[in-house]
1. Can you pull out the residues in segment A:38-56 that are away from chain B (no Cβ under 12 Å), surrounded by fewer than 16 Cβ atoms within 10 Å (Cβ to Cβ) and of a type in the set (D, E, K, R)?
2. Can you tell me which condition B:D7 does not meet? The list is (1) within 12 Å of chain A (Cβ to nearest Cβ); (2) farther than 30 Å from A:S10 by Cβ, and all the others hold.
3. Consider A:K59 carefully, then state whether it is within 14 Å of chain B (Cβ to nearest Cβ), of a type in the set (K, R) and either over 19 Å from A:S10 (Cα atoms) or open to solvent by less than 70 Å² (accessible area, probe 1.4 Å) (or both).
4. Which is open to solvent by 30 Å² or more (accessible area, probe 1.4 Å), closer than 29 Å to A:T104 by Cα and at pLDDT below 95, of B:L55, B:L61, B:L96?
5. Could you check segment B:65-84 and list, in sequence order, the residues that are at pLDDT 95 or above, more than 13 Å from the chain's Cα centre (by Cα) and either of a type in the set (F, W, Y) or open to solvent by 30 Å² or more (accessible area, probe 1.4 Å) (or both)?
6. Can you tell me which residue is farthest from the chain's Cα centre (by Cα) among those in segment B:26-38 that are surrounded by fewer than 21 Cβ atoms within 10 Å (Cβ to Cβ) and more than 10 Å from chain A (Cβ to nearest Cβ)?
7. Search segment A:74-106 for residues being open to solvent by less than 50 Å² (accessible area, probe 1.4 Å) and more than 14 Å from chain B (Cβ to nearest Cβ), and hand back the single one that is nearest to A:S28 (Cα to Cα).
8. Can you name the number of the only condition in (1) within 15 Å of B:A93 (Cβ to Cβ); (2) at the interface with chain A (Cβ under 10 Å from one of its Cβ atoms); (3) open to solvent by 10 Å² or more (accessible area, probe 1.4 Å) that B:T2 fails?
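The values are calculated or read from the model by the stated rules, or taken from the named source; none is laboratory data. Everything numeric in this text was worked out from a predicted model, so none of it was measured. Ideal geometry is used to build each Cβ from the backbone, glycine not excepted, and the neighbour counts take in all protein chains shown. SASA here: full protein model, heavy atoms, side chains in, ligands and nucleic acids out. Shrake-Rupley method; radii C 1.70, N 1.55, O 1.52, S 1.80 Å.
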Amino acid sequence: ILNVEQSPQSLHVQEGDSTNFTCSFPSSNFYALHWYRWETAKSPEALFVMTLNGDEKKKGRISATLNTKEGYSYLYIKGSQPEDSATYLCAFFLFYKLSFGAGTTVTVRA
Amino acid sequence: DTGVSQDPRHKITKRGQNVTFRCDPISEHNRLYWYRQTLGQGPEFLTYFQNEAQLEKSRLLSDRFSAERPKGSFSTLEIQRTEQGDSAMYLCASSLWEPHEQFFGPGTRLTVL
């Protein structure tokens, strides 16, 4: 069983503020790290697939960094909007399956 | 819509009954996955198909669970003699090849009374 941890479990952000949260994963046998956004009553939506140490990816106001040597990834949301409210899941990909963290639930207050 | 679809979206059943869920992946995707998510946890891997071949099953998948993917298209997940502990969200995903993103369906929420 791969140990993938996310922190914090939840956070509340004021509209317009920026925020970030962490995913930690095993640093050995790294293949890929996925980030997903899961809004209530919808399908989990892929944000990023990250494979290279030092990689940084961006999608609109959301970006992510990856450190495979120390086993962590950060997800950043710049200028949070109410539509960013969701649970953000990271998942460690190895041998064709994803091992998910428990997620960070973000609530953006208007 | 060409995304992953799952049916039904919700299922309420009594303990001991059998249930079957269906997943229709994106048509050109040859990989199909089933996950289960319980409250406060992330999704947990259950099983994986490459075309019609079931290549891996998690230890979470007891003998009461069986999954099929005839002809490498849609997939079904059957739970026999349901137990209250089976109550969860069952998610299906598909992908082209590793480690590309997996496209998830909306899930089937199972409640066992």
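1. A:E56
2. All conditions are met except number (1).
3. When the stated conditions are applied, A:K59 passes them.
4. B:L96
5. B:Q80, B:R81, B:E83, B:Q84
6. Looking at the filtered set, the residue picked out is B:E28.
7. Result: A:L75.
8. The single condition B:T2 does not satisfy is (2).
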